[in-house]
C-alpha cells in the first residue's frame, strides 16, 4: 500500500486533473504497451479558456468498472480460501490483510475513475492501468494465496506425520526393521522441512512468498512464485514418502496397515 | 458369564462391567475382617498382556492419523496447481 502511495505522490505533478476531488492521479509510464487510443486535444469550454472540460470516456470507464468488479469478486474468493486453509505457519493474517487492502484500494480507484474529471485520455489510461499494475490480483494475489494454501495443507500433514513419528519412536523398541523404517521416515520429514519448513516456521523459498508485493515488472515475483511451487511439490513428495515409511513401521510392529 | 457371575456371592459389581475381556475383578471388601481381601493384587495374566494390547491400540491410532494425510497432500497439490503464475499472467490481462 505504501508503494502505491509513493506511486501516487510521484505522479501527481505530472497529471492534470481539473476538478478531481479524490486522490491524486496514478502513475503513468509503467512500461506496458499503451492502449491504441486516440489522444484528442482537450476541449475548451466557452468562456473558460484556461480550464479544459471534463470528458465522459464512457466506454473506458465502464470497462474499468468491470475489471475492478471481477477483481473484487476474486479477492473475496481468495479471502474465503485462505480462511479455510488453516494457518499452521501463522502467515495467513498478513495475507488476509493484503487482500483486504487490495479490495479497499480497488474500490477507491474505481470510484475515482467513475467520478473523476478526465480532460484527456492519458490520465484515465494511467488510472485504469493501475487496476492491473497496482494490485496484480490475478498475476500475484491468486498464485500467492494458493501457494500459502498449499503450504498450509502440507503443514497440517507435517504436523500429523511428526506426531506419528514421535509415537512410533516410543514403540519400535529393538525391532531393527521398524527402527530403520522410522529413520527413513524422519529423513523424509527433514527433506520436507528443507522445502517448506516445519510448522510454525515457514521455510524454503515458500518463506519469501508472503512478502511478495504487486509490481509493474513482475519478473522477480514470478521467479519467487515458481521457486515456491517447486519447493511445495518437493515437500509434498517427501511427506508422501514419510507417510509410506510410517505405514512400514506400523507393519513392522505387527499391525495390519491398509496401504 | 452369567453362570460365573451368578455363582459369585458378591459378584454384582464385577459382572456389571459388561466387559468379557476384562479380568475378573476382586469384589470390594465389604467386611472389615478377612485378611484375604486385602493386600497387593495377585499377579495374573493381565499385567503381562496389557502392554501388547496398548501397543496394538497405539499402532491403530497411528494408522488412523496417517489416513488423513493423503487428503491433505491431494489438497496441497490442487492448490499448487492453481498457483501457476503463467496462467495467472494470462488472466491478469491489461
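Scanning region B:61-83 for residues that are more than 7 Å from every other protein chain (Cβ to nearest Cβ) and over 30 Å from residue A:249 (Cα atoms) turns up just one, B:81.
Out of A:129, A:103, which single residue is part of a helix (DSSP H, G or I) and within 13 Å of another protein chain (Cβ to nearest Cβ)? Show your work before the answer.
Numbers: A:103 fails: within 13 Å of another protein chain (Cβ to nearest Cβ).
Only one candidate qualifies: A:129.
Taking the numbered list (1) within 22 Å of residue A:93 (Cα to Cα); (2) free of Cβ contacts under 8 Å to residues at least 60 places away in the same chain in turn, residue A:180 passes all entries but (1).
A count restricted to region A:87-99 and to residues that are surrounded by fewer than 20 Cβ atoms within 10 Å (Cβ to Cβ), part of a helix (DSSP H, G or I) and touching a helix residue (DSSP H, G or I) at 6+ places or on another chain (Cβ under 7 Å) stands at 2.
Which ones in region A:154-167 are closer than 15 Å to residue A:188 by Cα and either surrounded by 21 or more Cβ atoms within 10 Å (Cβ to Cβ) or touching a helix residue (DSSP H, G or I) at 6+ places or on another chain (Cβ under 9 Å) (or both)?
Step one: filter region A:154-167 for residues closer than 15 Å to residue A:188 by Cα, giving A:154-155, A:157-166.
Scanning region A:154-167 gives A:154, A:155, A:157, A:158, A:160, A:161, A:162, A:163, A:164, A:165.
Sub-8 Å Cβ pairs linking a first residue in region A:54-69 that is at positive phi to a second residue that is in a helix (DSSP H, G or I), at least 6 apart or interchain, are A:57/A:121; A:57/A:124, ordered by first then second residue. Screening residue A:54 against (1) modelled with pLDDT of 50 or more; (2) within 29 Å of residue A:143 (Cα to Cα) leaves a single unmet condition, (2).
Being within 29 Å of residue A:166 (Cα to Cα), within 7 Å of chain B (Cβ to nearest Cβ), in contact (Cβ under 8 Å) with a residue 24 or more places away in the chain and over 20 Å from the mean Cα position of the chain (by Cα), is that true of even one residue in region A:212-231? Checked against the condition, which is being within 29 Å of residue A:166 (Cα to Cα), within 7 Å of chain B (Cβ to nearest Cβ), in contact (Cβ under 8 Å) with a residue 24 or more places away in the chain and over 20 Å from the mean Cα position of the chain (by Cα), region A:212-231 yields no hits at all.
For region A:54-85, residues that are surrounded by 15 or more Cβ atoms within 10 Å (Cβ to Cβ) and in a loop (DSSP other than H, G, I, E, B) total 3. The residue that is surrounded by the most Cβ atoms within 10 Å (Cβ to Cβ), counting only those in region A:190-204 that are assigned to a helix (DSSP H, G or I) and more than 20 Å from the chain's Cα centre (by Cα), is A:192.
The values are calculated or read from the model by the stated rules, or taken from the named source; none is laboratory data. No experiment lies behind these values; they were computed from the predicted model shown. Don't worry about glycine lacking a Cβ; one is built from the backbone with ideal geometry, like all the others, and counts go over all protein chains shown.
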